[in-house]
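Peer 1: Just dropping this structure here.
The values are calculated or read from the model by the stated rules, or taken from the named source; none is laboratory data. Just so it is clear, the model here is predicted, and its values are computed rather than measured. Because the Cβ atoms are built from the backbone with ideal geometry, glycine has one as well, and the counts that use them run over all protein chains shown. Just the protein is used for accessible areas: all its heavy atoms, side chains included, with ligands, DNA and RNA removed. Shrake-Rupley method; radii C 1.70, N 1.55, O 1.52, S 1.80 Å.
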Amino acid sequence: MKRIIADVGRCSGCRLCEMVCSFSKEDAFAPSTSMITVIKEDKFGLDLPIVCWHCNPCNVIENCPQEALERNKEGRILVKEEKCVGCKECLEACVIGAIKLHPEKNIPQICDQCGGRPLCVQKCPTKALRYIETEEQEPRLPYQVFKETLRRWGISA
Amino acid sequence: MPSYYGYAGRILRINLTNNEVKVQHTEKWLITEFLGGRGFNSRRIYDEIPKEVGPLSPQNKLIFSTGPLVGTAFPLGARFNVSAKSPQTGILGDSNAGGHFAAEMKFAGYDQIIIEGKSRKPAYVFIADQEVQIMDAEHLVRKDIYETTEMIKKDLGDKTFQIAAVGPAAENGVLYAGIFANLTRTAARTGMGTVMASKNLKAVALKGTRSIKIADPRRFQKMVEEIEEETYTHPQYWPRRTMGTTRILMLADKLGFLPTRHFTSATFEHAAEVSGEKLAREYNVKNRACFSCIVPCSRIYVIREGEYAGLLGEGPEYEPLSSFTARVGNSNLSLALKAVDLTNKLGLDAITTAECIAWAMELYEKKELTKKDTDGLELNWGNGEAILTLVEKIAYREGFGDLLADGVKRAAEKIGKGKEIALHVKGLEIIQADPRGLKGYGLGYAVASRGGDHLRSEPFIELSDDPEKGVEMFGVPEATFRLAYKGKGKLVRYFENWCAIIDSLEVCKNLAGNMELLPLKRAAEITEAVTGFHFTEEKIFEIGERIVNLERAYLVREGIRRRDDYLPARFLKEPLPNGNSKGAVFEIEPMLDEYYAERGWDERGIPKEATLEKLGLVDVAEQLSKSVRLL
């Protein structure tokens, strides 16, 4: 399926993706309501956007006690809001930590890829985000990516 | 609480003496008359910090403010100002930084955070939306900026907190210590870190889940798209992305205003070896950006070989790079990176630190200082090891470093030497651009409300040497010639007002100003689209003018007059010895006359009553007239 893929070498950590995401969903700017989140390690100058990979199989779907998550025909994971009780199990279950709860609605926010035309990808100033077809069913772990990057730069950490 | 567009709508007041926390709403008159950021802070300082308050007394207040465009998808708004009475200059202390702190402050829900009093024990402030706590910081005492930031994140178990911290230099009472966000985003000028440490405050850690709303989203989006298009196709886009402001170094060398060996030369024979080009080519590994910015002009470098191999850091920008190379006569780029890293870690203002070292080096080279005075350090131009040692000695106030830790003005007074070559205005060390080769900049240093600094005016247009620009903007062709005097009063007045707007909207001066992405008309329009308050080009320009006049009124109340609007004797007496501005000196009096007249100030440099009244500063005029006769 098509997935949003982030390039650690290109990401400047500006978080514009978080801004455009939250605004498109909520008409207000707030990282807390964005479905994409840039993790940052200032100490090493590293930045990486984290967003649902729509893994298949998905650890979060399997671990949801309320069975509040399902996969649609495009392969995207959706939250059934009426079933979710805000128990936060999903926060721990996601292997890359891509899920946060909406601060008011208290339900997990999972990237819907803007229905196939992700705005974050369109607006990324450094083209660090791409929306492309990949058969990789699981994403690479963020801190693994950071470690590899540092190794490439010749930094031991 | 009134709900605003653009603004967070709240002002947070924290008293460290009695742990009292208050939230007030952001008043409408403050918004329409002072915009935000620097404007908010200057008004607050004028109103709440009277003459008798000492900079290091608990009565001084440390004030953080950000602006209405910050925390949105506006592509160049990520900054905050931090202000207080300055321990370095005794007058208006104010510094500005980018990174990610300002946006988080908005998401936490605050336009301004006022810190009052003094904590009995070392503390840091924790802010998460409405939750505000004063936390114990005993374990953070004397920790450097990097350690402090990492330790707080670890304590809170959350890496997403934005932290502004002070380092050991501030805790040791160095008068020019800064406040550092994101490790290297420095609000370093005028000793704001020193004020913070005097309150026993080690850091502010904040995070928020609140949101920023836009009054007219469609207009906002349309304008942002226009700005994006202009930015991506701008001739400065790639040079900035590759080099940030370090691209200036070679240009300054070529035009003959690159301060070298403490301004005894205007070109540096090793410029190419320490240039932004070389940094980009041989050290940089990636780019970084401030919050929501589309020009990632900050760069991560790695030193791959030599003595400092393995050092990774962010930056540096032109000022620290040029300060630790040309200014001190150092041709070793890796060493300069190490020195800047050290000033960041210890929490020092790199410009002032380098001026103190360069001043001492000149005296040493002239044999007015000897090894006996310098703890055995051989302060010859470019002695790298001595530079690094001295940075540490300053931060810890050890031996000779203790003398330099009070800044170059006090150091010269203390030893009774080098007064004529102590390069500061009003106690603030001047930056890395020789005013003899840039008359408008020089006038800007002389009159800047925070002392010898370019960011109050930055009249970059004079570098164009284009008479048509001068005629178009000011009716004077010479106004845009960098070596001419005429029209500079007009030039500096205009750019000072513009910079005050930029600092109050908390947008980036490089993009808004130098890249001309936010001319007055657009500044008014975008502010209107975001906030819903009515702004016009004229109205927003008047806000800039009001802020500059209010700051001047504050300075006048503190005793500042024409005699303080000067440049150091070196620039007035010694012609530039070499380079493309060879022979130039600086003649200040005619420029001051023109500037004061343009401003509506009298010959003493005091705003006239009518000037203040016209700007709606009637209360200021009334109050000021109690201590000085207004014309």
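Peer 1: How high is the relative contact order of region A:1-64, in percent, with contacts defined as C-alpha pairs under 8 Å that are six or more residues apart?
Peer 2: The normalised contact order for region A:1-64 reaches 31 percent.
Peer 1: Using a 1.4 angstrom probe on protein heavy atoms only, which residues from region A:1-18 are buried by at least 30 Å² of accessible area when all chains are present rather than their own chain alone?
Peer 2: A:SER12, A:CYS14, A:ARG15, A:LEU16
Peer 1: Under the rule a/c < 1.5 gives rounded, and otherwise a/b versus b/c splits prolate from oblate, where does region B:10-207 land using the Cα gyration tensor?
Peer 2: Judged from the Cα gyration tensor, region B:10-207 comes out rounded (a/c under 1.5).
Peer 1: I'd like the residues of region A:128-157 whose 1.4 Å-probe accessible area shrinks by no less than 50 Å² going from the isolated chain to the full set of protein chains.
Peer 2: Buried on complex formation: A:TRP153, A:ILE155.
Peer 1: Give me the percent relative contact order of chain A, please, defined on Cα pairs under 8 angstrom at least 6 residues apart.
Peer 2: Contact order relative to length: 31 percent.
Peer 1: Expressed as a whole number of Å, what is the distance separating the alpha-carbon centroids of region B:1-68 and region A:104-157?
Peer 2: A separation of 39 Å, based on Cα centres.
Peer 1: Now, a different point. Hey, can you find the accessible area per residue of region B:10-207 for me, probe 1.4 Å, expressed in square angstrom?
Peer 2: For region B:10-207, the per-residue accessible area is 26 Å².
Peer 1: Taking only the alpha carbons of the protein assembly as shown, what extent do you get along each of the three principal axes, in Å, biggest first?
Peer 2: 80, 60, 57
Peer 1: Between A:CYS87 and B:LYS419, how many nm apart are label points set 7 Å from Cα along the C-beta direction?
Peer 2: 7.8
Peer 1: For chain A, with every protein chain kept in place, what is the accessible area per residue (1.4 Å probe, Å²)?
Peer 2: On the way: 7530 Å² over 157 residues.
With the other protein chains kept in place, chain A gives 48 Å² per residue.
Peer 1: Take the cross-link list A:LYS40/A:LYS100; A:LYS40/B:LYS345; A:LYS43/B:LYS153; A:LYS100/B:LYS106; B:LYS153/B:LYS393 and give me the ones stretching past 23 Å between alpha-carbons.
Peer 2: From A:LYS40/A:LYS100; A:LYS40/B:LYS345; A:LYS43/B:LYS153; A:LYS100/B:LYS106; B:LYS153/B:LYS393, over 23 Å: B:LYS153/B:LYS393.
Peer 1: Need one number: nm distance between label points at B:LYS366 and B:ARG142, each 7 Å from Cα along Cα→Cβ, rounded to one decimal.
Peer 2: For the pair B:LYS366/B:ARG142, the computed spacing is 3.7 nm.
Peer 1: Which FRET efficiency, nearest 0.05, do A:LEU78 and B:GLU603 yield, Cβ-Cβ r, R0 56 Å?
Peer 2: The calculated FRET efficiency here is 0.15.
Peer 1: Leaving ligands, DNA and RNA out of it, report the carbon-plus-sulfur percent of the accessible area of region B:435-624 at a 1.4 Å probe. Intermediate results must be reported in sequence, preceding the final value.
Peer 2: Details: 3140 of 6120 Å².
Exposed carbon and sulfur together represent 51 percent of the surface.
Peer 1: Label-point separation (nm) for B:ASP465 and A:ARG130, each offset 7 Å from Cα along Cα-to-Cβ?
Peer 2: So the two model labels end up 4.6 nm from each other.
Peer 1: OK, next. Would you mind getting the accessible area per residue of region B:353-437, heavy atoms of the protein chains only, 1.4 Å probe, in Å²?
Peer 2: 35
Peer 1: Further, regarding this structure: Return the carbon/sulfur percentage of the accessible area of region B:122-273, one whole number, probe 1.4 Å, all protein chains in place.
Peer 2: Details: 2820 of 5420 Å².
Looking at region B:122-273 in its full context, I get 52 percent from C and S.
Peer 1: Okay, moving on. Rounded if a/c is under 1.5, else prolate if a/b beats b/c, else oblate: with a ≥ b ≥ c from the C-alpha gyration tensor eigenvalues square-rooted, which is chain B?
Peer 2: Rounded shape, in that the Cα axes give a/c under 1.5.
Peer 1: In whole percent, and with a 1.4 Å probe on the protein chains, what portion of the accessible area of region A:32-140 is carbon and sulfur?
Peer 2: Reported share for carbon and sulfur atoms: 47 percent.
Peer 1: Also: Mean-square fluctuation check for chain A, GNM, Cα pairs under 10 Å: which of A:ILE61, A:ILE110, A:ILE39 is largest?
Peer 2: With Cα springs under 10 Å in chain A, the top fluctuation among A:ILE61, A:ILE110, A:ILE39 is at A:ILE39.
Peer 1: Still on this structure, I have one more. In Å² (nearest 100), what accessible area is buried between A and B, both sides summed, heavy protein atoms only, 1.4 Å probe? Walk me through the intermediate numbers first.
Peer 2: Working: alone 9010 and 21680 Å², together 27810 Å².
Buried area between the two chains comes out at roughly 2900 Å².
Peer 1: GNM on chain A, C-alpha springs below 10 Å: top fluctuator among A:ALA28, A:ALA93, A:ALA128?
Peer 2: A:ALA28
Peer 1: Now for a separate question. For chain B, what is the calculated [θ] at 222 nm in deg cm²/dmol (nearest 500), taking -39500 (n - 2.57) for each run of four or more DSSP H residues and dividing by its residue count?
Peer 2: Taken over chain B, the calculation gives -11500 deg cm²/dmol.
Peer 1: I would also like to ask the following. Would any residue of region A:37-74 have its amide N under 15 Å from a label point 7 Å out along Cα→Cβ of A:LYS105? List them or say none.
Peer 2: Once the point is set 7 Å along Cα→Cβ of A:LYS105, A:68-70 turn out to lie under 15 Å by backbone N, inside region A:37-74.
Peer 1: Between region A:32-65 and region B:367-394, how far is it from one alpha carbon centroid to the other, in angstrom?
Peer 2: Region A:32-65 and region B:367-394 have Cα centres separated by 50 Å.
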